[in-house]
Amino acid sequence: MLKSKISAQLHQSIQSFLDYCQTRYMSGGTIEGYRNNLKQFAGLLEIWQGSKTITSFAEICTEPVLMETIVIRQSNNPNLSAHTIRRYISAWRSWIRYLVKTDVLDLSHDRFKFDLPKLPEILPKAVDMPILNKILDTPPVRRQSGWIHLRNICMFELMAYSGLRVSEVTSLTLSDLCLNQKQVKVTGKGNKTRLVPITDCAIQRIREYMQARSASSVKIKANYLFTNRFGNRITNSTVRMHLRNLADELLTDKLRLTPHMLRHSCATHFIRQTHDLRFVQILLGHSSVATTQMYTHLDNDFVKATFYQYLDR
């Protein structure tokens, strides 16, 4: 077990780092991931036998100590994936960089360039448009408040046909709507904003949803476009639950749909239709075209079509 003074400094430094992440406008998911991984790091230090010999805070901010905690994690869970370990190390690295930047530690960034576990290449999962249309156009089997179903379909439509992230959908406010211009203002990662075109169908559904919600007895307590039955902003987890339930009701093959699959489907569709990486990059709000480029692997015809399009003979 760590000495109380060192343990207190550890938890204080982690909280300071998380507060710093807030000021950098990092996404809520990124900050929560850092919080969970660093909390695990602190917890594993407490049960590590070697922690009894630690005499200073700087000693626990070293690669050998990090590796000791990874060994404990893997012994507790032999099936721990490379992806999970990478996230764990990445969170630790970011925390260390913050401590160096704020002069809590006097270390060189070069010390933390050791290799991360390699990940297997996993291509994004996309859903065919006929399946998406069935999800969006079929009335629900379960009995549900009319405005709630309309709300869900609006959110799914924005993810499937305009490529919004689930966090971007739940963050939309009424002032973000530009329905006459057929677009919405979206705040993405890094607090960056972009204007995203939306379909005529989405516009009609949003108007129907807002009218139905106004006619209901729900008391709106926030300026967000999509609210829960208590009038507060809807959460990402609630969106995932409703999408999963709707897929279970309507699809016979029991496809486990997620919001990110809808976004992937949008990207794949436009890559196949336009073969324009720059357009899809801007639409989805990718900071780098390299992120968008992974969608080309979903369609072998992309490479062939692009080759002949620019072949000068």
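The values are calculated or read from the model by the stated rules, or taken from the named source; none is laboratory data. Everything numeric in this text was worked out from a predicted model, so none of it was measured. Glycine also receives a Cβ, built like all others from the backbone with ideal geometry; neighbour counts cover every protein chain displayed. Ligands, DNA and RNA are stripped out before the accessible areas are found, and what is left, the full protein with its side chains, is counted by its heavy atoms. Shrake-Rupley method; radii C 1.70, N 1.55, O 1.52, S 1.80 Å.
At-a-glance table
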{"quantity": "Residues of segment 201-237 that turn out to be open to solvent by less than 40 Å² (accessible area, probe 1.4 Å), of a type in the set (Phe, Trp, Tyr) and under 20 Å from THR187 (Cβ atoms), as a count", "calculated": "1"}
{"quantity": "The lone exception for THR274 - which of (1) surrounded by fewer than 20 Cβ atoms within 10 Å (Cβ to Cβ); (2) in contact with a Cys (Cβ under 9 Å, 6 or more places away or on another chain) it fails", "calculated": "(2)"}
{"quantity": "Residue list for segment 135-157, filter: at pLDDT below 85 and either within 30 Å of ALA82 (Cβ to Cβ) or of a type in the set (Lys, Arg) (or both)", "calculated": "ARG142, ARG143"}
{"quantity": "Failed item, numbered, when SER75 is tested on (1) under 24 Å from ILE31 (Cβ atoms); (2) at pLDDT below 85", "calculated": "(1)"}
{"quantity": "Pick from segment 78-106, criterion closer than 20 Å to ILE31 by Cα and polar (S, T, N, Q), ranking: modelled with the lowest pLDDT", "calculated": "THR84"}
{"quantity": "Qualifying positions in segment 14-55 - at pLDDT 90 or above, small (Gly, Ala, Ser) and farther than 22 Å from ILE85 by Cβ", "calculated": "SER16"}
{"quantity": "Residues that are without any contact (Cβ under 8 Å) to a residue 24 or more places away in the chain and part of a helix (DSSP H, G or I), drawn from segment 169-193", "calculated": "ASN180, GLN181"}
{"quantity": "Residue match in segment 165-180 (condition: over 30 Å from ARG24 (Cβ atoms) and surrounded by fewer than 20 Cβ atoms within 10 Å (Cβ to Cβ))", "calculated": "yes"}
{"quantity": "Residues of segment 208-224 satisfying the condition of being within 18 Å of ASP176 (Cβ to Cβ), aliphatic (A, V, I, L, M) and part of a loop (DSSP other than H, G, I, E, B)", "calculated": "ILE220, ALA222"}
